[in-house]
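Report on the structure given below.
The values are calculated or read from the model by the stated rules, or taken from the named source; none is laboratory data. Since this is a predicted model, take the numbers as computed values, not measurements. Here the Cβ positions follow ideal geometry from the backbone for every residue, glycine too, while neighbour counts run over all protein chains shown. Accessible surface is based on the protein model in full, side chains and every heavy atom, while ligands, DNA and RNA are left aside. Shrake-Rupley method; radii C 1.70, N 1.55, O 1.52, S 1.80 Å.
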Amino acid sequence: MLMLSVLLSVQNAFAQDCNQIRRAVTKATPANVAGLYLKLAECDPNTARRIANTTMTRSISGDEGNAAAVAAVQVGAHAAASTWIEGLRSDERAEAIRAMGEACQESAEVQRYFIERAETMGDTFWSQRWYRALGACHAESIQGLLWSKLDEGMGGDRGQFFGVLEAYARSAEAAAVPKLAKLARDIDDPEADVNIVNAFADAAQVGSAGGMNQATAKKAVRTIVTLAPDLSPKGVEQARITLSTLLAEEESDKLAAIRYADAAQDDDTFLWGVIVSENADCKGGKKPMQRIHSAKVVDDGRTWADQVLDKVQASVDTVWALDLAARCKVDANTTYYVPNAPFADAEAYRAWVDETVSEITRAEVKRVIRMDQAPVRL
C-alpha cells in the first residue's frame, strides 16, 4: 500500500511539472521556447505534436532549436520541423540537418523523415546536400535511398555523385564493398575510379570516431587488389593510397607492378636508374672536383617512383665509395638523381643518364670523373 502511495505521488508530481511546462511553452520567448519544447516532447509527446507548428515558428536557430526540430520529428510533427528548417539561412540549415542526421541511427521516425523529405523535395533534397547528414545512419532504408541516387549515374553534377558515394559507403559499411566494386567496373572514368576506390576507406570507417572496422577493411583490401588491374592509372594510384590507409602496406607496394606494367622487362622486373654527383672544392676552392656515379636499378615491382630515392640511397651509401669529401678534406655536396618512372629498356636508361650528366656537369671542373657502377637491386 505504501509503494502504491509513493508511485501515485511521483506520478502526480510529474503531471504537475508537465502541466507547468505546457503553460510555459505557450508563453516562452524565442530565446527559451526550444528548450521548453524539448521537455514537453519528453513528458507529453501528443501535446508536443499538436503545438509543434506554433512553437517551432517562434524558435531561433542554434543547438537548442536544432534539437527541438529533431524532437518535433520524433513526435511525428514532420511538417513543422521542415517549415522551420526551410526558413533558416543555408549555413544554419546545414547545422539543423546535421543534427537530424546524428539522431537518425537511433530513431526510426527520423529515418522515415529523411525518406519523406527526399520524396517531397526531389532534386532539392540532393542539391541542398541533405545526404551529407546520412553517413552515420546505418539503417537499410537510408542505404537504399542513397544507393538509388547512385544508381541513376553521375549525370552532370559529378561533385554531388561523389558526395552521395561517400555518404553511402559510410552508411552501408561492409555491405557497400561489393556495390562499390560494381560501380568501379561499370563506370569507365579516371575521376570516378579515384573517388570509388577512396570510398572503400569510407566503408571501413577510416577517420570515424569509433575507429576503422577491421573486418570491413580486410574485405575492402581483397576487393581493391582484385579490381586494380582494370583501373585507370589514376585509379591505381588512389588504390595504393587507400590500401595504405587500410594498413595493407604490402598490397599497396605490389600495385606498383600494375601501375608501371607498360614498362615491365622480359623477366617481369622494372628498370630504374640512379645518378650520384659528388662535388667538392678542394685546396681551399682552388681545385673544384666532381665525381659522377651512375647505375641501373632493378626492382621486382614493389617500388613506386617516390620510394626509389630512399631505397636506392640506403643501398648505395653502404657500397659505393662516396669519399670525395674525405679525399679533399673539405665538406662536399652529394646529390642523388632518380627518374620519375621506370624505363622501357636499357637504351632509354642510357639516354636519361647522358642527358642528366650533361645537365649537372660543372663547367669549372677540368676533369669530371665518370664512374659506372654495378646494377643496384632493390
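Things worth noting here:
- Given R0 = 51 Å, the distance between the Cβ atoms of A263 and Q105 translates into a calculated FRET efficiency of 0.60.
- Sequence ranges 193-204, 108-119, 257-268, ranked by mean other-Cβ count within 10 angstrom, highest first: 193-204, 108-119, 257-268
- For A348 and V319, the FRET efficiency from 1/(1 + (r/R0)^6), where r spans their Cβ atoms and R0 equals 22 Å, is about 0.35.
- For region 178-214 versus region 219-233, the gap between their alpha-carbon centres in whole angstrom: 11 Å
- Potential lengthening between V368 and D17 on full extension [0.36 nm per residue; Cα-Cα distance subtracted]: 116.9 nm
- Residue (of T226, G163, I196) at the positive-pole extreme of region 152-271, dipole from beta-carbon charges: G163
- Pairs of Lys in region 209-339 closer than 21 Å at Cα, counting only those 8 or more apart or on different chains: 9
- V319 accessible area, assembled protein chains, probe 1.4 Å, Å²: 110 Å²
- Pairwise label distance in nanometres, D300 with E355, each label 7 Å out on the Cα-Cβ vector: 3.1 nm
- With K and R counted +1 and D and E -1, the other residues having a Cβ less than 12 Å from that of A321 yield a net charge of -1.
- Taking Cβ atoms as reference points and 10 Å as the exclusive limit, the residues near S252 contribute a net charge of -1, counting Lys and Arg as +1 and Asp and Glu as -1.
- Each peptide in 25-34, 59-68 was scored by the mean count of other Cβ atoms within 10 Å over its residues; highest first, the order is 59-68, 25-34.
- Taking Cα centre as origin and charging only the Cβ of basic (Lys, Arg, +1) and acidic (Asp, Glu, -1) residues, the dipole magnitude of the chain rounds to 1100 debye.
- Think of each Lys and Arg Cβ as +1 and each Asp and Glu Cβ as -1; about the Cα centre, that makes the dipole of region 279-330 roughly 500 debye.
- Label-reachable residues, region 29-46, where backbone N falls under 11 Å from a point 7 Å from T83's Cα toward its Cβ: none
- Solvent-accessible surface (1.4 angstrom probe) belonging to M289, in square angstrom, nearest 10: 50 Å²
- Normalised by the number of residues in the chain, the mean separation of alpha-carbon contacts (under 8 Å, six or more apart) gives a relative contact order of 9 percent.
- The solvent-accessible area of K254, taken with every protein chain present and a 1.4 Å probe, is close to 90 Å².
- For region 38-189, carbon and sulfur atoms together expose 45% of the accessible surface, with a 1.4 angstrom probe and every protein chain in place.
- Correct choice for Rg and Dmax of the Cα atoms in Å that was computed from the model, options (i) 32.5, 112; (ii) 22.6, 73; (iii) 22.7, 91: (i)
- The residues of the chain present an accessible area of 52 Å² per residue when probed at 1.4 Å with all protein chains retained.
- About the Cα centre, charge dipole magnitude for region 32-121 (Lys/Arg +1, Asp/Glu -1 at Cβ), debye: 260 debye
- Charge tally in the Cβ shell below 13 Å around I97, where Lys, Arg are +1 and Asp, Glu are -1, I97 excluded: +1
- With a 1.4 Å probe rolled over the protein heavy atoms of all chains, the accessible area of E102, E364 falls in the order E102, E364, largest first.
- Summary value for region 185-288: 23 percent relative contact order, contacts being C-alpha pairs under 8 angstrom separated by 6+ residues.
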